1. Taking the stretch 137-169 as the search range and keeping residues that are basic (Lys, Arg) and farther than 18 Å from Leu109 by Cβ, which one is nearest to the chain's Cα centre (by Cα)?
2. Output the residues belonging to the stretch 54-65 that are open to solvent by 30 Å² or more (accessible area, probe 1.4 Å), outside any loop (DSSP other than H, G, I, E, B) and without any contact (Cβ under 8 Å) to a residue 40 or more places away in the chain.
3. For Asn139, indicate whether it is modelled with pLDDT under 95 and either over 26 Å from Ala304 (Cβ atoms) or surrounded by fewer than 20 Cβ atoms within 10 Å (Cβ to Cβ) (or both).
4. What is the residue count in the stretch 132-158 for residues that are out of contact with any strand residue (DSSP E or B) (no Cβ under 7 Å at 6 or more places or on another chain) and not in a loop (DSSP other than H, G, I, E, B)?
5. Can you pull out the residues in the stretch 1-53 that are buried (at least 19 other Cβ atoms within 10 Å of the Cβ), among the hydroxyl-bearing types (Ser, Thr, Tyr) and under 24 Å from Ser98 (Cα atoms)?
6. Would you be able to say whether some residue in the stretch 202-220 is assigned to a helix (DSSP H, G or I), within 16 Å of ligand 1 (Cβ to nearest atom), small (Gly, Ala, Ser) and modelled with pLDDT of 95 or more?
7. Show the residue pairs meeting these rules: Cβ distance below 8 Å; 6+ apart or different chains; first residue within the stretch 416-440 and modelled with pLDDT under 95; second residue not charged (D, E, K, R).
8. Show me the strands (runs of 3 or more DSSP E) found entirely inside the stretch 269-379 where at least 1 residues are open to solvent by 10 Å² or more (accessible area, probe 1.4 Å), over 15 Å from Leu223 (Cα atoms) and away from ligand 3 (no atom under 16 Å from the Cβ).
Amino acid sequence: MEFTLTTTHSREIETPAFAMLCFSGEPPAEQTAGGVLKEMFASGEFTGKANETAVVHRPVGMKAQRLLLVGCGERAKFTPAQMRTAGGVMARALQARSIQQAAVGLDGLTNQPEMLRALTEGLITGGFEPDQYKTEKKNGGKLLERVEISCIEITPEMEAALERARITGEAQNWTRALVNEPGNVLTPRLLAERARAMAEESGLECEILDEARMRQLGFRTLLGVAQGSAEPPVMIVLRYTPEQASSEDHLALVGKGVTFDTGGISIKPSDGMEKMKYDMAGAAAVLGAMRALARLKPPVKVTAFAPCVENMPGAKAQRPGDIVKTFQGKTVEVLNTDAEGRLILADALTYAAREGCTHLVDAATLTGAIAVALGHLYAGAFSNHEAWQQRVLEAAKSAGERIWPFPMDAEYSELLKSAFADLANIGGRWGGSISAAKFLEEFVEGKPWVHLDIAGVAWLEEAKPWMAKGPTGFPVRTLVELAAGWIRSA
Ligand code: BES
Ligand code: MN
Ligand code: ZN
């Protein structure tokens, strides 16, 4: 999607469709579109409620062929988050009508870079359709191609906001396309290929640790999960090194990359199992974030680690009761082979810490329990370091992604006791997301670390007016914001 900023007045823009943001309780001026809007408001046909749309053809007094009204709700409650949604609604309303070029007026919100950024991100993410495998694309595959955004003044801040949004939105969609790849296509090796190709075109350093290398290093816990599959595991490592770093800080982004999770021998029920292709959403998100960071070039060193495996119940699969020794050294009793994410992340987190990373964040579709706790709106955050967690939460807030912190009291670790090893890989029914996080904490070598459990938010069950059903690309924006806004840590 291409964007241009213009100062041309909305009435003067020649375009197939001009989108106007409308607020509830604020009927447009008498003369707009020859009074038609006033009538529509008066009759209740269009009220300006959020997500509402309407189209007026050949609006009087405008050069646009159509006027698209996009409801935004109450102006007083209109935040960048609402603007992002409005952008998504606009893109989807246009695409539903096969309109590929449009303009939009920022009007009173002009010269607010935050609003421009949110609108642009909303347009890009709203325009995404997970239709890689559809022979006949929706609306003949006519996607929104060009958007002109009219504002009062084009400042460097506005241009920077637009560029930032473009890069971030595209990275988010790149992640979504990857997450949507089915398990038969996207094996760990193919995921590594995709990462390598992306790294090459983005100018990132890429290292793929293969099975032999991981055996040599001692990633036994990761290999234990992989052994039930005919597909070999990989660890993807992407490195971004700034030309001039502002500090000695080294950020690690670690993402769970289970390309398909059957549960292994502790096999999952077949109902809904098809969705377990999204169990690599964490890996896809850290890779997508790296794609954006390579373009935004923040002054901080960032390395992504994506441990990738397929969790299958093959003849060589690990059994419940197996005891494995982690890369870190502690032994783990695998009481449930379906709690595999924490096993592969344990080795990856230790590896990241030992590679010299000073700040760790991981993203993982780790537990079903997180959706029981938070539903599908918020991801959970778990940390061993209050200040670092605060920075991640603030980045999420600015990026418009919802993340809620959980307690991590020491007593929760008691849930992970094993009779025969240092740790069990499951903590029982209650507080399942917390015990999973406490398990991970054992492997971060005391480094400041935040774990994001994204199992409830990485997949959208039903299409929304602003977003297609399927992968959401959560938490690409938070990770980008975190690194792009890097300030030297104390
Ligand atoms: N990948 C799943 C978690 C998950 C569940 C992601 C639903 C997305 C939607 C994870 O590997 C898993 O199976 N977790 C188990 C843990 C349990 C065995 C302790 C779970 O949540 O049931
Ligand atoms: Mn599992
Ligand atoms: Zn899993």
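The values are calculated or read from the model by the stated rules, or taken from the named source; none is laboratory data. Everything quoted here is computed from the prediction, not taken from an experiment. Note that we place each Cβ from the backbone using ideal geometry, even for glycine, and neighbour counts take in every protein chain shown. For accessibility, only protein heavy atoms count, side chains too; no ligands or nucleic acids. Shrake-Rupley method; radii C 1.70, N 1.55, O 1.52, S 1.80 Å.
1. Our first condition is that a residue be basic (Lys, Arg); within the stretch 137-169, this holds for 137-138, 142, 146, 164, 166.
Checking the rest, the ones that are also farther than 18 Å from Leu109 by Cβ come to 137-138, 142, 146, 166.
Details: Lys137: 24, Lys138: 24, Lys142: 25, Arg146: 24, Arg166: 15 Å.
By that ranking, first place goes to Arg166.
2. His57
3. Values: modelled with pLDDT under 95: yes; either over 26 Å from Ala304 (Cβ atoms) or surrounded by fewer than 20 Cβ atoms within 10 Å (Cβ to Cβ) (or both): yes.
So Asn139 passes the test.
4. Let us first name the residues in the stretch 132-158 that are out of contact with any strand residue (DSSP E or B) (no Cβ under 7 Å at 6 or more places or on another chain), namely 132-143, 152-153, 155-157.
With not in a loop (DSSP other than H, G, I, E, B) added as a condition, the list becomes 138-141, 156-157.
Number satisfying all stated conditions: 6.
5. Within the stretch 1-53, Ser10, Thr15, Thr53 meet the criteria.
6. We begin by selecting, within the stretch 202-220, every residue assigned to a helix (DSSP H, G or I); these are 202, 211-217, 220.
Still in the list and also within 16 Å of ligand 1 (Cβ to nearest atom): none.
No - not one qualifying residue is present in the stretch 202-220.
7. Gly428/Leu415; Gly428/Ser435
8. Working: elements: 301-311, 322-325, 331-334, 359-364.
Hits in the stretch 269-379: 301-311, 359-364.
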